[in-house]
Amino acid sequence: MLFPYTYIPHEMEKMQTFIDFIFYAVWCQAPLKRPYRLELFTSNPELFEVMTAFHYDDSKGAEFFAGHVERIYGLFAPLSACQVEQLRLWYRANNDVERVCANDHAMSLQRYADFPTELKDLRDQLASFFKGLYSHVDVAALRKKCGDIDDHYQTFVQTNKSGKCPFCGINDLFGEYHSKREAYDHYLPKALYPFNSINFRNLVPACHHCNSSYKTSKDPAYALKDPARAVHRRPVFYPYKTTPHSIELQIGLQHSDIAKLTPADITLQFGPAAIAQEIDTWKDVYGIEERYKSKLCTESDGKAWLTQVLDEWKELGKDPQDFLQTLAFNTGKRPFTDCNFLKRPFLDACRRKGIFNEERSA
């Protein structure tokens, strides 16, 4: 991840607060053998109002939410104290996204695939609920209390103004002046993890290519060594990290014939070493090397950047070194404008390969 987002508080966080209450104060109390009833929610007046509305609402959205809550309550009822405590640990870990990203093994991260056989029915109901929950946040009774995700996005982009996807740096994001919005990526994928599908610390706007073409359902927390099962935890960039990092990129070229340049002719070196593991995870999840090399080889990007320098040199008499100095200044100030973070190291690689000297000799 090239740069972190600034986290934006919003009333939609209330959705996660409701789920926290349902998990801890309702489901985890089910083994006390109290019958399921609306009175279980009275200590949270706003949620009680929502659940009461759902009780008298025969819409699919109301049935989805209230029906799952009641069914899961019934599956918690026969659990032992040890089983409930284990579920509490899993719930806490899956929602502490920052510590998961830091690869803190004190966080007992839990995927659906890791549930024991004896909890299969509970796992299946949790999966049905949490995989579908994000799609039901616009149910009227919930929207009345929590607002809607379009408003969250507008609030979000009024602070996060870069206009670029932080996961790749090369694609634009819809901003505050667009009537559309980007999709929110579930950083820990909702297809793999219970409990955090409406946790906004696990929801991050991403460009279509990052979200739908490259990351898809990849698990950033695990390296897939065995294709049948991801077992190796790894550190990953936390999208809302409060201390920014800076990724260094150096580009190498195998030859100076840019017209024949292919991805196989390019090497990319990323740094600094202090965040090498996070960088490796980022490259793997978002296909960074493939995408950057492809961009450098296209006529409209990498090759066009070099052509611009050569044209200004030949037709306007500008020294390439002056261009590179200006580019270095602009990259320091605005690294993601016009892909400066890629353009500068690429043109530096062209300079080191002697391309400008070759043109001077010609």
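A few comments on the model shown:
- Gain on full stretching of the segment that runs from ALA106 to ALA77 - 0.36 nm per residue minus C-alpha separation: 7.7 nm
- Fewest-first ordering of HIS208, HIS105, HIS152, HIS10 by other beta carbons within 10 Å of each residue's beta carbon gives HIS105, HIS208, HIS10, HIS152.
- Calculated FRET value between ASP148 and LYS333, using beta carbons and R₀ = 22 Å, to 0.05: 0.05
- Between the beta carbons of ASP311 and ASP138, assuming R0 = 51 Å, the FRET efficiency works out to 0.50 to the nearest 0.05.
- Cα→Cβ-extended label distance, 7 Å offset, between THR159 and THR6, nm: 0.7
- Value of [θ]222 nm, deg cm²/dmol, for the chain, DSSP H segments ≥ 4, -39500 (n - 2.57) each, nearest 500: -13500 deg cm²/dmol
- Among beta bridges that DSSP assigns inside the chain, antiparallel share in %, nearest 5: 100
- Separation of alpha-carbon centers, the stretch 155-208 and the stretch 291-362, rounded to whole Å: 31
- Residue-count net charge about MET1 - beta-carbon cut-off 11 Å; Lys, Arg +1, Asp, Glu -1: +1
- Cross-link pairs LYS131/LYS295; LYS33/LYS144; LYS295/LYS333; LYS164/LYS218; LYS145/LYS215 - those with Cα-Cα distance over 30 Å: LYS131/LYS295; LYS33/LYS144; LYS145/LYS215
- For the chain, the relative contact order is 17 percent, taking Cα pairs closer than 8 Å that sit 6 or more residues apart in sequence and dividing their mean separation by the residue count.
- The stretch 96-127 and the stretch 1-51: distance between their alpha carbon centers, rounded to Å: 18
- Exposed chymotrypsin sites (Phe, Trp or Tyr not before Pro) absent: longest stretch of the chain, with sites in DSSP loops and at most 12 other Cβ within 10 Å deemed exposed: 178-362
- In the stretch 303-345, the ratio of gyration radius to Kirkwood radius, Rg to Rh, stands at 0.98 when only Cα atoms are counted.
- Spacing of the modelled spin labels on ALA259 and ASN357, each 7 Å from Cα toward Cβ, amounts to 2.2 nm.
- Trypsin sites (Lys or Arg not before Pro) restricted to the stretch 71-164 and DSSP loop, no more than 12 other C-beta within 10 Å: LYS161
- The stretch 175-203 residues near the modelled GLU63 label - backbone nitrogen below 17 Å, point 7 Å along Cα→Cβ: none
- Based on alpha carbons, the Rg and Dmax found for the stretch 118-239 are 16.1, 51 Å.
- Summing charges over neighbours of PHE23, with a neighbour being any other residue whose Cβ is under 12 Å away from its Cβ, gives +1 when K and R count +1 and D and E count -1.
- Sequence-distant aspartates and glutamates (8 or more away, or on other chains) whose Cα lies within less than 12 Å of LYS180: ASP150, ASP151
Every read-out reported here was derived from the displayed coordinates using simple, explicitly stated rules and does not represent laboratory data. In this text the structure is predicted, and so the values were computed from the model without any measurement. No Cβ is skipped: glycine too gets one built from the backbone with ideal geometry, and neighbour counts run over all protein chains shown.
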